[in-house]
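Trainee: Starting off with a structure, shown below.
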Amino acid sequence: MATYIIEALKPDGTVVKKIIELENENEISNLLTSEGLILLNYKKTSSILNVFKSFRKKKVKPVYTIEFLENFHLVIKSGVPLSTGIRDLAEDVENKTLKQILTDIYNRINTGESLYKAFSNYKSIFSDVILTLIKIGEETGNLEKVLKDAANYLKRIEDLKAKTKQALIYPAFTFFAVFGAMTFWMVYVLPKMIEAFQNFNIELPITTKILIAMSNFTKSYILHIVFLLISAFIILKILRKTNKKVKFYTDKIILRLPILGLVITYFNYAFISEYLRLMISSGVSISRALEILGESLGNEVFKNAAIKSRENLISGEGISESFKKQGLFSSMIIRMLNIGENTGRLEEQLEYISNFYYDKVDYISQNIAKMIEPLLISILGIFMLIIILGLIGPIYDLISTVNKT
């Protein structure tokens, strides 16, 4: 796919400039003709411009994509031709970016491109799952059904993501609140209390001396600590995007964290089972479904498991045995997949698994406060215990000194 800068003439004599992506320059003339434009000049963009263009590329919120798929399903159901339906939807859609995309898809279809090929130019908007369903719908003549399935799938996944985020926001907020309170104690409160002890020339115990050292260090280097934490966060984020090994091992660590790891694990269980159910119900082979799944998963550990499961499947093993070998999926999932394989009702079992873990995520999101309370109390308890041990000795000595005087 190449990017071109086009200069074209409108029927009213106005010169317009466009940036378009095409397979080759032979398609430029046909595309402009379908838009009622006359080609004046064009040139292929440089790699630098392509990089800049990728940075400024706007995204379309899933809610608009879902709405479009549902409306497109209704358009096809009503018997309206594809190109006409897409043109009408492009005129009605609210999102400007999606409007431009649908207009371009309409023009491409009019030049003879298939629906799948036209949509494939926007993989960042329409995921591999949606594109695969569109391709299947075109080939089988069952586009109406697969579009409805695609819309329902996206709604289900977005709802699952929303519940997962809801479950993770509270622990994140709590952690930062506790960390902030502890820092405030170390930087402002504790030094003033320790200063009072030092003014009385009291012999301080080892625990108090440790607290003084910690407080002085925090107070002196608080800006450096904050800078290092932010820098470490940014570097880690960059490494996770550019280095698969770093992403794999950090994702592995995240999955082992209390509560957070549980939420992410359950989310991936629900996502994978819902995805496989949709693909199988649409007629996609399990091998091909796992291949696309490997490209769709965000967690590198689960992505690696999907890829290896596909390799085992190709070598002749069943889906349940392939999943079992990864050591990542629960015994309930393996058991249900095995039942589905043996009875020929794999789609039904996948739906059960998806619903089960969807409800799990929903339950955690509703009860996260109760679940995190013991951990929060333990952290605060340990912190306060250290402070008490460090202060109770000097306070006792201070009282003894006052009584003697």
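The values are calculated or read from the model by the stated rules, or taken from the named source; none is laboratory data. As the structure is a computational prediction, the values presented were derived from the model and not from experiment. All Cβ positions, even for glycine, are placed from backbone atoms using ideal geometry, and neighbour counts span all protein chains on display. Side chains are part of the model used for accessible areas, which takes the heavy atoms of the whole protein and leaves out ligands, DNA and RNA. Shrake-Rupley method; radii C 1.70, N 1.55, O 1.52, S 1.80 Å.
Trainee: Give the dimensionless ratio obtained when the Cα radius of gyration of the chain is divided by 2.2 N^0.38 Å.
Mentor: Values: Rg = 29.7 Å, N = 405, 2.2 N^0.38 = 21.5 Å.
That works out to 1.38 for the chain.
Trainee: What ranking of Ile169, Ile66 comes out by heavy-atom accessible area, probe 1.4 Å, highest first?
Mentor: From most exposed to least exposed: Ile169, Ile66.
Trainee: Under 20 Å between alpha carbons: how many lysine pairs meet that in the range 252-365, if sequence neighbours fewer than 8 apart on the same chain are excluded?
Mentor: Qualifying lysine pairs in the range 252-365: 8.
Trainee: OK, next. How much length is gained on full extension from Thr140 to Gln366, taking 0.36 nm per residue of separation minus their Cα-Cα distance?
Mentor: In short, 77.1 nm is gained.
Trainee: Putting +1 on Lys and Arg Cβ atoms and -1 on Asp and Glu Cβ atoms, find which of Ala8, Ile212, Ile157 reaches farthest to the positive end of the dipole of the chain.
Mentor: Farthest towards the positive end: Ile212.
Trainee: A follow-up question, please. Just how large is the dipole of the chain about the Cα centre, in debye to the nearest 20, putting +1 at every Lys and Arg Cβ and -1 at every Asp and Glu Cβ? Write out the running numbers ahead of the final one.
Mentor: Numbers: 49 positive and 40 negative charges, 244 e Å.
Using Cβ point charges on Lys, Arg, Asp and Glu, the chain gives about 1180 debye.
Trainee: Separate question: What figure in square angstrom, to the nearest 10, would you give for the accessible area of Tyr64 with a 1.4 Å probe?
Mentor: Number for this one is 60 Å².
Trainee: Sticking with this structure for a sec: According to a simple spin-label model (label point 7 Å from Cα along Cα-to-Cβ), what is the distance in nm between Lys10 and Lys165?
Mentor: 3.8 nm
Trainee: Follow-up. Relative contact order for the chain: what percent, with Cα pairs under 8 Å and sequence separation of 6 or more?
Mentor: 14 percent
Trainee: Using a/c under 1.5 as the rounded threshold, could you call the range 133-189 rounded, prolate or oblate? The axes a ≥ b ≥ c are square roots of the C-alpha gyration tensor eigenvalues, and prolate needs a/b larger than b/c, oblate otherwise.
Mentor: Since a/c reaches 1.5 and a/b is larger than b/c, the shape of the range 133-189 is classed as prolate.
Trainee: In the structure shown, do any of Lys123/Lys245; Lys123/Lys247; Lys44/Lys148; Lys117/Lys145; Lys59/Lys165; Lys43/Lys237 have a Cα-Cα gap over 30 Å, and if so which?
Mentor: Lys44/Lys148; Lys43/Lys237, as the Cα separations exceed 30 Å there.
Trainee: Under 1.5 on a/c is rounded, so check that first for the range 68-139, then, if it is not, pick prolate when a/b is larger than b/c and oblate when it is not; a ≥ b ≥ c are the square roots of the alpha carbon gyration tensor eigenvalues.
Mentor: Note, shape of the range 68-139 comes out rounded.
Trainee: Would you calculate the separation in nanometres between label points at Tyr249 and Phe179, each defined as 7 Å from the Cα along the Cα-to-beta-carbon direction?
Mentor: It is 2.1 nm.
Trainee: Quick check: convex hull of the Cα atoms in the range 167-298, volume per residue, rounded to a whole Å³? Walk me through the numbers on the way to the answer.
Mentor: Details: hull volume 17.6 nm³, N = 132.
Normalising the Cα hull of the range 167-298 by residue number yields 133 Å³.
Trainee: Let me ask something else. Scattering from the C-alpha atoms of the range 63-102 alone, worked out with Debye: what is log10 I(q)/I(0) at q = 0.24 1/Å?
Mentor: Per q value, in the given order, log10 I(q)/I(0) is -0.73.
Trainee: Where does each of Val75, Val15 land when they are ordered by accessible area, with a 1.4 Å probe and the largest first? Let's see the in-between values first.
Mentor: On the way: Val75 25, Val15 80 Å².
Listed by decreasing accessible area, they come as Val15, Val75.
Trainee: What is the percent carbon and sulfur in the accessible area of the chain, measuring with a 1.4 Å probe over the protein chains and ignoring ligands?
Mentor: 60 percent
Trainee: Let me ask something else. For an R0 of 35 angstrom, estimate the FRET efficiency from the Cβ-Cβ distance between Arg240 and Arg288 and round to the nearest 0.05.
Mentor: Efficiency computed from Cβ-Cβ geometry: 0.80.
Trainee: To two decimal places, what compactness ratio does the range 236-360 give when its Cα radius of gyration is scaled by 2.2 N^0.38 Å?
Mentor: It is 1.04.
Trainee: Further question on the same structure: Would you mind working out the accessible area per residue for the chain, using a 1.4 Å probe, and quoting it in Å²?
Mentor: Result: 58 Å² of accessible area for each residue.
Trainee: Taking only the Cα atoms of the range 241-295, how large is their convex hull per residue, in Å³?
Mentor: 82 Å³
Trainee: Above 20 Å lies some portion of the pair distances; for the range 99-160, what is it as a whole percent of all C-alpha pairs?
Mentor: Of the Cα pairs, 27 percent sit more than 20 Å apart.
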